[in-house]
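Undergrad: Take this structure, written in structure tokens, and hold onto it; I'll ask about it next.
Where a number appears in this text, it was derived from the coordinates with a stated rule and is not lab data. Note that the structure is a prediction, hence the values are computed from the model and not measured. When we count neighbours, we look across all protein chains shown, and the Cβ atoms used for this are built from the backbone with ideal geometry, even at glycine.
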Amino acid sequence: MSYDFGEIPPHLHAGLDRWLRHGVLPGGFLRAVISNHLLLSILRADEQSLAGLPALARWLYTNAPEGSFGSPAVLETWPLYLAALERQAEAAAREIDI
């Protein structure tokens, strides 16, 4: 699956993609946005990230998978969810090989 990040500043694409696909924690700005912490998002943003914050918020709300953003808890639960999906896929693949 490939994401179209639209108007999100390009320097944020790789970190956001790694988070959504693999549960790899991004840097401070994206981590603050993902955990829904507006003040930290603003404080940790560079100029481009701050300018792109509205586009990032819109994109997450309309495109990101449910459970991948919105509270501090997702920083722990999203990677666990992705790991569980991977284990299920591996188990299904083993069943097919039998």
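Undergrad: Return the sequence-ordered ³J(HN,Hα) values of the stretch 42-49 in whole Hz as given by the Karplus equation 6.51 cos²θ - 1.76 cosθ + 1.60 applied to θ = phi - 60°, using x for Gly and Pro.
TA: 5, 5, 8, 7, 7, 4, 5, 5
Undergrad: For Cα extents along the principal axes in Å, pick the label among (1) 121, 17, 9; (2) 35, 30, 22; (3) 54, 25, 20 that corresponds to the value derived from the coordinates.
TA: Computed from the coordinates, Cα extents along the principal axes in Å corresponds to (3).
Undergrad: Right, here's the next one. About the Cα centre of the stretch 1-85, how large is the charge dipole given +1 on each Lys and Arg Cβ and -1 on each Asp and Glu Cβ? Please answer in debye to the nearest 20. Display every interim value, and only then the final one.
TA: Numbers: 5 positive and 7 negative charges, 28 e Å.
It works out to roughly 140 debye.
Undergrad: Put +1 on the Cβ of each Lys and Arg and -1 on the Cβ of each Asp and Glu in the chain; which of Ala83, Pro65, Gly52 then has its Cα farthest toward the positive end of the dipole?
TA: Going by the charge dipole, the pick is Gly52.
Undergrad: If the label point is 7 Å along Cα→Cβ of Tyr61, which residues in the stretch 24-41 have backbone nitrogen under 17 Å from it?
TA: 33-39, 41
Undergrad: To the nearest Å, what is the center-to-center distance of the stretch 1-38 and the stretch 59-89, using C-alpha atoms only?
TA: Between the Cα centres of the stretch 1-38 and the stretch 59-89 lies a distance of 12 Å.
Undergrad: Next up: Nearest 10 degrees, 0 to 90: what angle lies between the long axis of helix 74-97 and the longest principal axis of the chain (Cα atoms)?
TA: 30
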